[in-house]
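All remarks here apply to the structure that follows.
The values are calculated or read from the model by the stated rules, or taken from the named source; none is laboratory data. Everything quoted here is computed from the prediction, not taken from an experiment. A quick note on method: Cβ atoms are made from the backbone with ideal geometry, for glycine too, and the neighbour counts reach across all protein chains shown.
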Amino acid sequence: MNDLVLCTSCSRHVRRAEARCPFCGIPVAVETRAARPPVAPAGLSRAKLYAFHAAVATGVAAGACGGSTAPTDDAGSAVDARSNDALATDGQSTIDAANAADAGAQDASTDSSLIAEVGADRAIVDAGTDGDGWGPPPPPYGCVFPEGCGDVKV
Amino acid sequence: MLPAMDPRDPLSPVERTAVLRAPRPNRGLPMLTPSAGQDRRPLATETRAVDRAARPSYAVWELTLACDLACRHCGSRAGRARPDELTIEEALDLVRQMRDLGVQEVALIGGEAYLHDGWTEVVREIRRCGMQSTLVTGGRGMTAERARDAAQGGVQSVAVSIDGVEETHDRLRALPGSHTAAVAALRNCREAGLPIAVNTQVNRLSARDLPDVLDLLLREGAHGWQLQLTVPVGRAADEPEVILQPYDLLDLFPVLARLKARCDEARVTMLAGNNVGYFGPYEHVLRSYCRSGYRRSCSAGLTTLGIESNGDVKGCPSLPTDAWVGGNIRQHSLRDIWERSAPLRHTRDRTRGELWGYCAECYYGDECRAGCTWMTTSLFGRPGNNPYCHHRALEMDRRGKRERVELASPAPGSPFDHARWDLVVEDAAARSQ
């Protein structure tokens, strides 16, 4: 699978390797091609993942899980370092609510070790989890998760 | 710059009047027979690494097929309970199996979940197991008492289906007064202290009403809004004139983007369901909460789990029963079905080679994989080609073409059944007529 970035000219997603947007022909900026948002830890609920990425997108914080983010080899680490402190002062009810609701749910570390075991298969699983964002896309029938989104919006 | 929000009605005034007045198709409730003993493909003898890595974080569970509505677009043709629905003991055991498999959130649907005798016990067990509990309802019987029961049981959010203004909603729900009842349900839940949300089906009748639905949910204090295209499955397949045509997406998506902006301003979580896509110029608006502003493909069997009320397990609650049930929990454990059944492995194993038609050559094929498996199999009987795609509609339009689906043979009349559709490519000139 390819990694896509947003063309700032026509708002279409294009492959990171593209020098020019295939839709509008405008060169894809080097900064756009280099940008890599932080990756959320495995095993988060939909609400927590939503809060995580909302927080990243708004520059508030990136620790919706209440723990550290997964290691990345890029700009994500800068966000990791301030995650918990930032949440302690902003977006508190959002993250607290997500954490409280998830208390007792499966320990994320279980999935982390599992996924470490399977190596390359992570890419397949990522397609449905957080490789590109926010956990499972909502099935057509379902319910908007109840919390985790009240204080941080994108 | 987002476009102005002035939805174009896909129906002309004459067409709208005709569809509103059309009598419901003359089809009874499905005659159901116990299915749990049906032969299904045997489970694989071994699990693979990818099967152990994939874990369902989100389960959507049809607790009963019994319903107090008989909506004209209901995919499961709900009404009567299935003859072999899980007992309360079996249901509680299934909750614990979900927990053990890693499920973090369980959405109860129906039918009407509250018509299941043990629904509050199931909710309590979900919460006791540390999972999140939500409920989806048509709202007709969500009385103040039931709302209090839900709150006391531990339900954390209730989504009420509202499919347009009163005239539209009552026509789709086939019951005068159902819109009033749905709004009352929202209020009953809110007064019981439950966070409230709204689910909306988008089709040729309701598309025009979406701004009005948003106004309503803002007035009522909803925290979330989930939208999904009406898929021609179950009863919805019986009324083709209600289903959006692929080219209708050209007008719909700018409206959705504007609605998303309004929701963001109002701090309402708007989620576009997985059949609303893919990769058009508003993708980053509709999926602004995603890491890179886009979603990849179907999550059935990757992170999503669907369960029918008799214990049949699918990768997504909406997938057609015939080809997508991996097994029944009366015969196998949930973990074994999840890890070793072919239907639930499908998304883990799919490659670009599965794509056909336009999707086989699409720029986004590797990421999108034709999007919603429910939509594609409901149209053509197999995944891999999805005309309900904004990017595709734009490309067709750029070439002076448009796509239209045409009923070829009707659905047989069972829950989650589907018709067969032909795909017609034609000149787009007719669009402005």
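When the residues of segment B:204-228 are filtered to those that are more than 17 Å from B:Ser12 (Cα to Cα) and among the small types (Gly, Ala, Ser), the one that is modelled with the lowest pLDDT is B:Gly224. Scanning segment B:55-88 for residues that are among the small types (Gly, Ala, Ser) and touching a Phe, Trp or Tyr at 6+ places or on another chain (Cβ under 8 Å) yields B:Gly75, B:Ser76. No other residue among B:Ser297, B:Ser288, B:Ser318 is in contact (Cβ under 8 Å) with a residue 24 or more places away in the chain, surrounded by fewer than 24 Cβ atoms within 10 Å (Cβ to Cβ), part of a loop (DSSP other than H, G, I, E, B) and not aromatic (Phe, Trp, Tyr) apart from B:Ser288.
How about segment B:220-232: which of its residues are part of a strand (DSSP E or B) and in contact with a Pro (Cβ under 7 Å, 6 or more places away or on another chain)? Within segment B:220-232, B:Gln226, B:Gln228 meet the criteria. Residues that are farther than 21 Å from B:Val233 by Cα, among the β-branched types (Val, Ile, Thr) and within 11 Å of chain A (Cβ to nearest Cβ) within segment B:324-369 comprise just one, B:Thr351.
For the condition in a helix (DSSP H, G or I) and at pLDDT 95 or above, what is the one hit in B:Val313, B:Val255?
Working: B:Val313 fails: in a helix (DSSP H, G or I).
Checking each option against the conditions leaves just B:Val255.
Test B:Gly234 against the criterion of being surrounded by 21 or more Cβ atoms within 10 Å (Cβ to Cβ), more than 11 Å from B:Asp163 (Cα to Cα), at the interface with chain A (Cβ under 10 Å from one of its Cβ atoms) and touching a residue at least 24 places away in the same chain (Cβ under 8 Å), and give yes or no. The answer is no for B:Gly234.
If a residue has to be in a strand (DSSP E or B) and more than 20 Å from B:Leu115 (Cα to Cα) to count, how many in segment B:132-184 make the cut? Going through segment B:132-184 one residue at a time, the tally reaches 1. Here is a list of conditions, (1) within 14 Å of another protein chain (Cβ to nearest Cβ); (2) under 30 Å from B:Pro240 (Cβ atoms), and B:Pro195 meets all of them except one; can you say which number that is? Going through (1) within 14 Å of another protein chain (Cβ to nearest Cβ); (2) under 30 Å from B:Pro240 (Cβ atoms) one by one, B:Pro195 breaks only (2). Filtered by the rule that a residue be of a type in the set (Ser, Thr, Tyr), part of a loop (DSSP other than H, G, I, E, B) and surrounded by 14 or more Cβ atoms within 10 Å (Cβ to Cβ), segment B:39-59 gives B:Thr47, B:Ser57. For segment B:258-285, filtering for residues that are more than 8 Å from chain A (Cβ to nearest Cβ), assigned to a helix (DSSP H, G or I) and free of Cβ contacts under 8 Å to residues at least 60 places away in the same chain leaves 4. B:Glu191 meets all of the listed conditions (1) buried (at least 23 other Cβ atoms within 10 Å of the Cβ); (2) modelled with pLDDT of 95 or more but one, namely (1).
Taking the criterion of being away from chain A (no Cβ under 14 Å) and within 24 Å of B:Glu105 (Cα to Cα), the residues of segment B:41-80 that qualify are B:Thr64, B:Ala66. Of the candidates B:His346, B:His332, the single residue that is touching a residue at least 40 places away in the same chain (Cβ under 8 Å), surrounded by fewer than 21 Cβ atoms within 10 Å (Cβ to Cβ) and within 30 Å of B:Leu92 (Cα to Cα) is B:His332.
Looking at segment B:338-433, the helices (runs of 4 or more DSSP H) lying wholly inside it that each contain 1 or more residues that are among the aliphatic types (A, V, I, L, M), closer than 24 Å to B:Gln228 by Cβ and within 21 Å of the chain's Cα centre (by Cα) sit at B:342-349, B:373-380. Among the residues of this structure, B:Arg402 counts as one that is crowded, with 21+ Cβ neighbours inside 10 Å and basic (Lys, Arg). Give segment B:87-126 a look and list any residue that's without any contact (Cβ under 8 Å) to a residue 40 or more places away in the chain, surrounded by fewer than 19 Cβ atoms within 10 Å (Cβ to Cβ) and facing another protein chain (nearest Cβ under 9 Å), or say none. Passing the criteria: none in range. Among the residues of segment B:291-320, those identified as facing chain A (nearest Cβ under 7 Å) and among the basic types (Lys, Arg) are B:Arg291, B:Arg295, B:Arg296.
Of the set (1) hydrophobic (A, V, I, L, M, F, W, C); (2) out of contact with any His (no Cβ under 9 Å at 6 or more places or on another chain); (3) over 30 Å from B:Glu89 (Cβ atoms), all apply to B:Cys290 but (2). Go through the residues of segment A:44-56 one by one and say whether even a single one is of a type outside the set (D, E, K, R) and surrounded by fewer than 23 Cβ atoms within 10 Å (Cβ to Cβ). Checked against the condition, which is being of a type outside the set (D, E, K, R) and surrounded by fewer than 23 Cβ atoms within 10 Å (Cβ to Cβ), segment A:44-56 yields no hits at all.
How many residues, within segment B:259-285, are among the basic types (Lys, Arg) and surrounded by fewer than 22 Cβ atoms within 10 Å (Cβ to Cβ)?
First pass over segment B:259-285, keeping only residues among the basic types (Lys, Arg): B:260, B:262, B:267.
Filter again for surrounded by fewer than 22 Cβ atoms within 10 Å (Cβ to Cβ), leaving B:262, B:267.
Count: 2.
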